[in-house]
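J.: One structure, as structure tokens, below. Some questions next.
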Amino acid sequence: MVTLQASKRDPQTKAKKLRREGFVTGVLYGRDMKETMPLQFVEADAMRFIKSNKEGTQVLLNIGGEQTNALVKNVDFDPLKKQINALDFQALVAGEVVSASVQIIFENTEGVQGIVEQELSEIHYKADPANLLDTVVIDFSKLPQETRDFYVKDLKLTEGRNIHLTTPEDALIFHIADYAKADEEEAEETAE
């Protein structure tokens, strides 16, 4: 599990001022917390964190020496300024079911005979902290050659786990189009 350094912040200090000083603001909230805890992160640490972690990632927050198991609930990123505006976390409690999302990653697509058209980049689900997913990796080298369509139900995420999918099981993750058909479609579009 990934660890992220954080510190409590003074709610009287404006977020804009903290950003100028090289910090990112955020909050930690949860069912067992009396009130929301305002946080601040060193901007460089936060940028490194979001490069490899997205919403729905389970993380260990180190807040002044105390560690809290949490879930990334919101990443407010401004792509024009290349700046994180806020990072929001939900404190996890054993046995409490939380809503989460998991990123889908494709591997070994270069061996596919056709064009991989990704339809879904993440799956939404509900689970307790013990059953949270890190990422879903689809390795194309391990799929049967005749695979053309792949659905959420084909992942078998719920087998042996206490997970409730909120993304429909019949949702298409990817389709593999034939090269010839793609060329014909492009020719038709060009002709029009």
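J.: Is region 1-124 rounded, prolate or oblate when judged by the Cα gyration tensor, a ≥ b ≥ c being the square roots of its eigenvalues, rounded requiring a/c under 1.5 and prolate requiring a/b larger than b/c? All intermediate terms of the calculation are to be shown ahead of the outcome.
T.: Values: a/c = 2.50, a/b = 1.53, b/c = 1.63.
Oblate shape, in that a/c is at least 1.5 and b/c is the bigger or equal ratio.
J.: I'd like the trypsin sites (Lys or Arg not before Pro) in region 3-49 restricted to DSSP loop residues with at most 16 other Cβ atoms within 10 Å, sorted by number. Show your work: numbers first, answer last.
T.: Values: sites: Lys8, Arg9, Lys14, Lys16, Lys17, Arg19, Arg20, Arg31, Lys34, Arg48; in loops: Arg9, Lys14, Arg31, Lys34.
Passing sites in region 3-49 are Lys14, Arg31, Lys34.
J.: On C-alpha positions alone, give me the angle between the axis of helix 43-52 and the longest principal axis of the chain, in degrees, nearest 10.
T.: 30 degrees
J.: Calculate the FRET efficiency for Asn162 and Lys17 from the Cβ-Cβ distance with a Förster distance of 35 Å, rounded to the nearest 0.05. Before the final figure, lay out the partial values.
T.: On the way: r = 44 Å, r/R0 = 1.26.
Computed FRET efficiency for Asn162 and Lys17 comes out at 0.20.
J.: Also, I was wondering about something else. With the other protein chains left in place, how much accessible area per residue, in square angstrom, belongs to the chain at a 1.4 angstrom probe? Intermediate results must be reported in sequence, preceding the final value.
T.: Working: 11690 Å² over 192 residues.
Using a 1.4 Å probe on heavy atoms only, each residue of the chain averages 61 Å².
J.: Could you tell me whether region 43-111 comes out rounded, prolate or oblate from its Cα gyration tensor? Rule is a ≥ b ≥ c as square roots of the eigenvalues, rounded for a/c under 1.5, then prolate if a/b exceeds b/c, otherwise oblate.
T.: Working: a/c = 1.97, a/b = 1.20, b/c = 1.63.
Note, shape of region 43-111 comes out oblate.
J.: Next question, about the same structure. Run the numbers for Ser121 and Lys153: contour at 0.36 nm per residue of separation, minus the present Cα-Cα distance, in nm. Please list the in-between numbers first.
T.: Values: separation 32, 0.36 × 32 = 11.52 nm, distance 1.49 nm.
Length gained between Ser121 and Lys153: 10.0 nm.
J.: Let me ask you something else. Hey, any idea what % of region 48-115's accessible area is carbon plus sulfur with a 1.4 Å probe? Write down the numbers at each step before the final one.
T.: Numbers: 1620 of 3500 Å².
Ligands and nucleic acids excluded, carbon and sulfur give 46 percent.
J.: Just want the answer: with Cβ charges of +1 for Lys and Arg and -1 for Asp and Glu, which residue in Leu80, Ala6, Leu157 is farthest toward the dipole's positive end in the chain?
T.: Working it through, the farthest residue towards the positive pole turns out to be Ala6.
J.: Shape of region 68-142 from its Cα gyration tensor (a ≥ b ≥ c, root eigenvalues): rounded if a/c is under 1.5, otherwise prolate when a/b > b/c, or oblate?
T.: Details: a/c = 3.18, a/b = 1.42, b/c = 2.24.
Oblate is the answer for region 68-142, as a/c is 1.5 or above yet b/c matches or exceeds a/b.
The values are calculated or read from the model by the stated rules, or taken from the named source; none is laboratory data. All values derive from a computational prediction rather than experimental measurement. Cβ coordinates were reconstructed from backbone atoms using ideal geometry, including for glycine residues, and neighbour counts include every protein chain displayed. Surface areas here come from the heavy atoms of the whole protein model, side chains and all, with no ligands, DNA or RNA. Shrake-Rupley method; radii C 1.70, N 1.55, O 1.52, S 1.80 Å.
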